[in-house]
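Worksheet: the structure to be examined is printed underneath.
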Amino acid sequence: MLGFRFIEIRLASFTNIMLYSLTETIKDILSNHIKARYDYAISKVIVEQPPRAELGDLAFPLAFELAKKLRNSPKLIATEISQEIGEIPGVTKVTVAGGGYLNFFFKRGIFLQELFNSPNLPPSRGKSHKIILEHTNINPNKAAHIGHLRNAILGDTFARLLRYIGENVEVQNYIDDTGVQVADVVVGFQCLEKMNLHDLKSITTNFDYYCWDLYAKVSRFYEENPTNKSLRYNALKDIEQGHGETSRMADFISTTIVHCHIKTMERIGVQYDLLPKESDIIRLNFWQHAFRLLKDSGALNYETTGRNKGCWIMKLKSPNNNQKPDSKDVSDYDEDKIIVRSNGTVTYVGKDIAYQLWKFGLLGMDFSYHNFYTYSDGKRIAMTNSTPSKDSASPYGKGFQVYNVIDTRQSYLQNIVKLGLQALSFNEQADNSTHFSYEVVGLSPKCCKTLGISLSDEDKKKTFLEVSGRRGLGVKADDLIDILSEKSQEEVAQRNPDLSEEETQKIADSIAISALRYFLLKFTRNSVIAFDFDDALNFEGETGPYLQYTVVRTKSVFRKVAADNPTFNISTLSDFVNSEEGVKFLNRELNDDYWRLIYLSAQLESTVRISVKTCEPAAVAKYLFTMAQELNHFYHRYKIKDEASQMKKSFLLVLMTIICNQLELGLNLMGISVPPRM
């Protein structure tokens, strides 16, 4: 058993960058050679993977581009390059295929050896290049629901992917503590519950759950008598200006619920670095400074007549902004966007422009900070203060690139923020502002039935039902996680009756989080998701539990081998891989079938980089599912424990170690842990 523990540590610790690095090296060599040989700069060195392993490992079609300049046959040019390119470390040969492809073949034994031995992570780009990633951003007026979970899981996974390729990432969770949603809950407490600040502090039930129900009541209160909405705007103004009891109640409500949200997200492995508060943006006059900049640039106009009388508006076709927002979801581009209302309150987008300017370090102003929460692993989250900072070396903000994870319904407003940067001539920063959009999450009718949500006959016929906090339709995030964990616990207990209740619960929690995260990540961002418990928790098919089970079952092979041979551990495999006899065996045995598995497992970093470039974590999810399928086929095809040849057994264990490691590493990038048993 000691040997197996050693293997587990090794499996979790090593990774590689060999395939990506080798590919980039070849691209550089080809580009430099063509520049020197033909005095021509290739616009983009395109690389493809041949359809079959026997055709090579990388294929470059660059001879076709050169043929247009040299007016010669692509095949002749490719042949010439292959003969002149010289020896490349890690490459055994270069051939010409088809009408002029340059196909590169790797030295398989060395490739596998490096893949097994390399403990290196991709190099960091250094702290001077910071990426700010804003996600979650739940209005602090009620409990989080499943739609918020998709935002948080997408954002958290993207942060993990960025960090894996060496980026310096600061994760922010913007707290809209002065918005209408918080104002509505204050109205609910004051006018419906007849409660003051002292009464709020005496609430003993889950505060975010209490506010969930109250928020729905307030929505009905407004519907019954539209004039009641004036109470919202009065509260909103008091909150923004920090006036009296209303402001203090809003601060208590938002702060208490943020604590609830942080704990909910911690359950699914989501952490933050900074919680910037909207109230601090207003009270530190960030908005006033941004307001002056926008007025001076001519981006804002004060309306003295018409329906927007008394408002400051941004003309979307003003001389400084003669292009429409780049959004396919909004048809009313010609309408002016209100930035400051006639009563003096600032709209969401106005405050967000100020916040975006601060993120890029363009305001010349900063918050003060205090510790808000400490995670179980010791990491701390900072929150902003409404005290001007005197520290010019603040560790927060000043990003080079900004990603805002916000659902697709906010595309219009996100484009207005971008136009605000352009109006101030911050074009580079506007180009580096990315709206990481995604579609909504709904509930399948079957899921609603499980949750006890009553549906009309019409709703029962729908593919999914959209979550609505105002209607009170939806599932609270903590309830969803609890139900997933309960269902997982039943399955684990049935499969492992010998486990203690504590062990069963721990494994069940891991499976529940895996089911949730993978389900919300496997769909592309532009897909509307209908959540279903059975689909998410299935141990077969494209689910998180299936991927976990693949790793758990694979590791059981090592336990069985170690049980038969107590002296076996990871050093045994390392000695085999690095011995002269082992290298000869690898070169002899690495046929196309084995090589296909190794080559697939080496594509993790390349897949991550593609996922980052396209802002599509689903690419990694699909890749990991493919790798899990291949690993399962490998498990069933080769009975490693019963292999008579020790050399062959070591060889197969090396292959399984590499593939299993890459799968587990990939799962970690998705925020999914692997339990010891399932």
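The values are calculated or read from the model by the stated rules, or taken from the named source; none is laboratory data. Every value quoted in this text rests on a predicted model; they were computed, and no experiment measured them. Here the Cβ positions follow ideal geometry from the backbone for every residue, glycine too, while neighbour counts run over all protein chains shown.
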> What residue, of Phe568, Phe576, is hydrophobic (A, V, I, L, M, F, W, C), assigned to a helix (DSSP H, G or I) and crowded, with 18+ Cβ neighbours inside 10 Å?
Replying inline: Phe576
>> Would you confirm, using the coordinates I've provided, whether Arg677 is at pLDDT 90 or above, farther than 25 Å from Ile513 by Cα and surrounded by fewer than 17 Cβ atoms within 10 Å (Cβ to Cβ)?
In response: no
>> Quick test of your reading of the structure: Leu161 fulfils all but one of (1) within 30 Å of the chain's Cα centre (by Cα); (2) surrounded by fewer than 16 Cβ atoms within 10 Å (Cβ to Cβ). Name the failing condition by number.
In response: (2)
> So, of the residues in the range 370-386 that are touching a residue at least 24 places away in the same chain (Cβ under 8 Å) and part of a loop (DSSP other than H, G, I, E, B), which turns out to be farthest from the chain's Cα centre (by Cα)?
Replying inline: Ser386
>> Could you check the range 490-530 and list, in sequence order, the residues that are surrounded by 19 or more Cβ atoms within 10 Å (Cβ to Cβ) and over 27 Å from the mean Cα position of the chain (by Cα)?
In response: Val492, Thr504
> Taking the range 436-460, which residues are touching a residue at least 12 places away in the same chain (Cβ under 8 Å) and assigned to a loop (DSSP other than H, G, I, E, B)?
Replying inline: Ser437, Tyr438, Glu439, Val440, Ser444, Ile453
>> Go through the range 274-298 and report how many residues are part of a loop (DSSP other than H, G, I, E, B) and modelled with pLDDT under 95.
In response: 3
> Got at least one residue in the range 392-413 being part of a helix (DSSP H, G or I), touching a helix residue (DSSP H, G or I) at 6+ places or on another chain (Cβ under 6 Å) and touching a residue at least 12 places away in the same chain (Cβ under 8 Å)?
Replying inline: yes
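Every residue, every condition in (1) charged (D, E, K, R); (2) crowded, with 19+ Cβ neighbours inside 10 Å; (3) within 11 Å of Pro276 (Cα to Cα), yes or no:
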residue: Asp352; (1), (2), (3): yes, yes, no
residue: Tyr355; (1), (2), (3): no, yes, yes
residue: Gly361; (1), (2), (3): no, no, no
residue: Thr374; (1), (2), (3): no, no, no
residue: Lys379; (1), (2), (3): yes, no, no
residue: Met383; (1), (2), (3): no, yes, yes
>> Could you check the range 3-55 and list, in sequence order, the residues that are of a type in the set (Val, Ile, Thr) and at pLDDT 90 or above?
In response: Thr23, Thr25, Ile26, Ile29, Ile34, Ile42, Val45, Ile46, Val47
>> Consider the range 133-151. How many of its residues are farther than 22 Å from Asn168 by Cβ and either within 14 Å of the chain's Cα centre (by Cα) or in a loop (DSSP other than H, G, I, E, B) (or both)?
In response: 11
> Of the conditions (1) of a type outside the set (S, T, N, Q); (2) out of contact with any Cys (no Cβ under 8 Å at 6 or more places or on another chain); (3) touching a residue at least 40 places away in the same chain (Cβ under 8 Å), Tyr222 fails just one. Which one is it?
Replying inline: (3)
> For the range 16-122, which strands (runs of 3 or more DSSP E) that fit wholly inside it have 2 or more residues that are outside the structural domain of Asp593 (by TED's automatic domain parsing), surrounded by 17 or more Cβ atoms within 10 Å (Cβ to Cβ) and in contact (Cβ under 8 Å) with a residue 40 or more places away in the chain?
Replying inline: 58-60, 101-106
>> Pull out all pairs, ordered by first then second residue, where Cβ-Cβ is under 6 Å, the residues are six or more apart or on different chains, the first lies in the range 242-262 and is closer than 18 Å to Asn173 by Cα, and the second is among the acidic types (Asp, Glu).
In response: Ser254/Asp177; Ile257/Asp208; Cys260/Asp208
>> Given the criterion of a type in the set (A, V, I, L, M) and over 26 Å from Arg292 (Cβ atoms), identify the matching residue among Leu357, Leu362, Leu443.
In response: Leu443
> Do the conditions hold for Ala290, that is, is it buried (at least 16 other Cβ atoms within 10 Å of the Cβ), touching a helix residue (DSSP H, G or I) at 6+ places or on another chain (Cβ under 8 Å), within 30 Å of Leu362 (Cα to Cα) and not assigned by TED's automatic domain parsing to the domain that holds Asn137?
Replying inline: yes
> Do any helices (runs of 4 or more DSSP H) lying entirely in the range 169-273 carry at least 2 residues that are modelled with pLDDT of 95 or more and of a type in the set (Ser, Thr, Tyr), and which ones are they?
Replying inline: 207-224, 244-267
>> Please verify whether His145 is outside the structural domain of Ala36 (by TED's automatic domain parsing), buried (at least 21 other Cβ atoms within 10 Å of the Cβ) and more than 25 Å from Asn668 (Cβ to Cβ), treating the condition exactly as stated.
In response: yes
